[in-house]
Amino acid sequence: MTLKIPVNAALIWQLTKRDFSERFAGSVLGSTWAMIWPLVSLFIYIVIFGRIMGGRLPGNSALYAYGVYAASGLIPWVAFSTTVARSSSLFVDKRNIISKINISLPSLLLYVNLSETITFLISMVLFFIFLFFGKSHIGREVLLLPYIYYLQQLFAFGIGLLAATLNVFIRDLKEVVGIVLQLWFWFTPIVYVQDILPEIVKKVIVFNPANVLIESYHRIFIFQKAISIESLIVMTLLTHGLVFFSYFTFRRLQKDLRDFL
């Protein structure tokens with residue numbers, strides 16, 4: 001029998017607000033930390049990596065070029081990886097809510113996505129302020145930024161939904177996701193340039209979906225090159241296919257999933 005449960009938008013928003021309040025509960029500065037942490041991270045990416053540690057970007061002599069390169073990759077990666085990691089155990093973590101409220105389980109992942117999006121936007125605003133005062137040039141490719149982020153987080157939603165579903169039956173999956181994300185980070189040119197890789201790795205890395213996204217951010221903020229539309233089209237098809245597969249898997253296991261919870 002098919003279970004059709006409406007999305008509770010009010011609950012999703014309440015969970016998002018609670019996520020922020022619980023994150024900084026008991027601290028003197030409260031939600032102000034939501035601004036401080038992105039600012040500290042940006043300082044580490046740009047000043048520590050780019051200036052104090054002397055990181056340099058090949059072919060670019062600008063003082064903060066490497067810092068901008070690292071920041072433009074790390075900011076979206078943190079949003080993506082944190083969304084996947086948190087979503088992977090969400091059904092188990094929120095089983096008390098699930099048992100009391102009639103809610104669409106996939107919609108629960110939306111509050112994680114929304115929460116990480118707010119953090120991403122705060123980081124991006126601070127990043128744009130730095131670029132403005134640093135007189136960095138940003139071309140018209142920046143207009144594709146919202147769509148790239150949409151793809152990124154939809155991709156994270158698809159992975160998260162599949163992992164959250166399977167994690168109910170295989171509880172070790174949460175730890176496996178964490179390991180995979182660590183390996184995935186180093187297999188994606190986020191804090192290093194692709195040119196330093198061996199030729200055989202360069203041929204393999206083109207099949208890394210995260211590389212398509214991170215390279216797009218790098219092209220917008222540091223290289224000022226046209227984004228590969230062909231790659232985005234492939235990524236769009238892959239992402240929506242993944243979401244369809246994840247939702248199909250969830251629907252097939254939905255009844256047993258609620259029983260296991």
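Test VAL142 against the stated conditions and say whether it is touching a helix residue (DSSP H, G or I) at 6+ places or on another chain (Cβ under 7 Å), open to solvent by 10 Å² or more (accessible area, probe 1.4 Å) and touching a residue at least 12 places away in the same chain (Cβ under 8 Å).
yes
Give me the residue from the range 192-238 that is basic (Lys, Arg) and more than 21 Å from the chain's Cα centre (by Cα) and, out of that set, nearest to ILE148 (Cα to Cα).
Per the criteria, the residue is LYS225.
Residue by residue through the range 227-247, note down the ones that are more than 15 Å from ALA163 (Cβ to Cβ), in a helix (DSSP H, G or I) and either open to solvent by 80 Å² or more (accessible area, probe 1.4 Å) or touching a residue at least 24 places away in the same chain (Cβ under 8 Å) (or both).
ILE229, GLU230, LEU232, ILE233, VAL234, MET235, THR236, LEU237, LEU238, THR239, HIS240, PHE244
So VAL177 passes all but one of these: (1) open to solvent by 30 Å² or more (accessible area, probe 1.4 Å); (2) over 28 Å from TYR64 (Cα atoms). Which condition number does it fail?
(1)
Among the residues of the range 82-99 satisfying the criterion of being open to solvent by 10 Å² or more (accessible area, probe 1.4 Å) and at pLDDT 85 or above, which is farthest from ASP172 (Cα to Cα)?
Here the answer is ASN96.
Which condition does THR2 not pass, out of (1) part of a helix (DSSP H, G or I); (2) hydroxyl-bearing (Ser, Thr, Tyr); (3) modelled with pLDDT under 85, if it passes all the others?
(1)
Give PHE169, PHE207 a once-over and let me know the one that is touching an Asp or Glu at 6+ places or on another chain (Cβ under 9 Å), among the aromatic types (Phe, Trp, Tyr), over 22 Å from TYR69 (Cβ atoms) and outside any helix (DSSP H, G or I).
Numbers: PHE207 fails: touching an Asp or Glu at 6+ places or on another chain (Cβ under 9 Å).
After applying the criteria, what remains is PHE169.
Please go through the range 166-204 and pick out each residue that is closer than 25 Å to GLY139 by Cβ and modelled with pLDDT of 90 or more.
Quick first cut of the range 166-204, residues closer than 25 Å to GLY139 by Cβ only: 188-195.
The answer is THR188, PRO189, ILE190.
Can you find a residue in the range 70-77 that is open to solvent by 30 Å² or more (accessible area, probe 1.4 Å) and modelled with pLDDT of 80 or more?
Residues of the range 70-77 that are open to solvent by 30 Å² or more (accessible area, probe 1.4 Å), as a first pass: none.
No: the range 70-77 contains no residue that is open to solvent by 30 Å² or more (accessible area, probe 1.4 Å) and modelled with pLDDT of 80 or more.
Looking at this structure, is PHE132 assigned to a helix (DSSP H, G or I), at pLDDT below 90, surrounded by fewer than 17 Cβ atoms within 10 Å (Cβ to Cβ) and not β-branched (Val, Ile, Thr)?
Criteria met by PHE132.
The values are calculated or read from the model by the stated rules, or taken from the named source; none is laboratory data. As the structure is a computational prediction, the values presented were derived from the model and not from experiment. We place every Cβ from the backbone using ideal geometry, glycine too, and count neighbours over all the protein chains shown. Areas reflect the complete protein model, heavy atoms only, side chains present, ligands, DNA and RNA absent. Shrake-Rupley method; radii C 1.70, N 1.55, O 1.52, S 1.80 Å.
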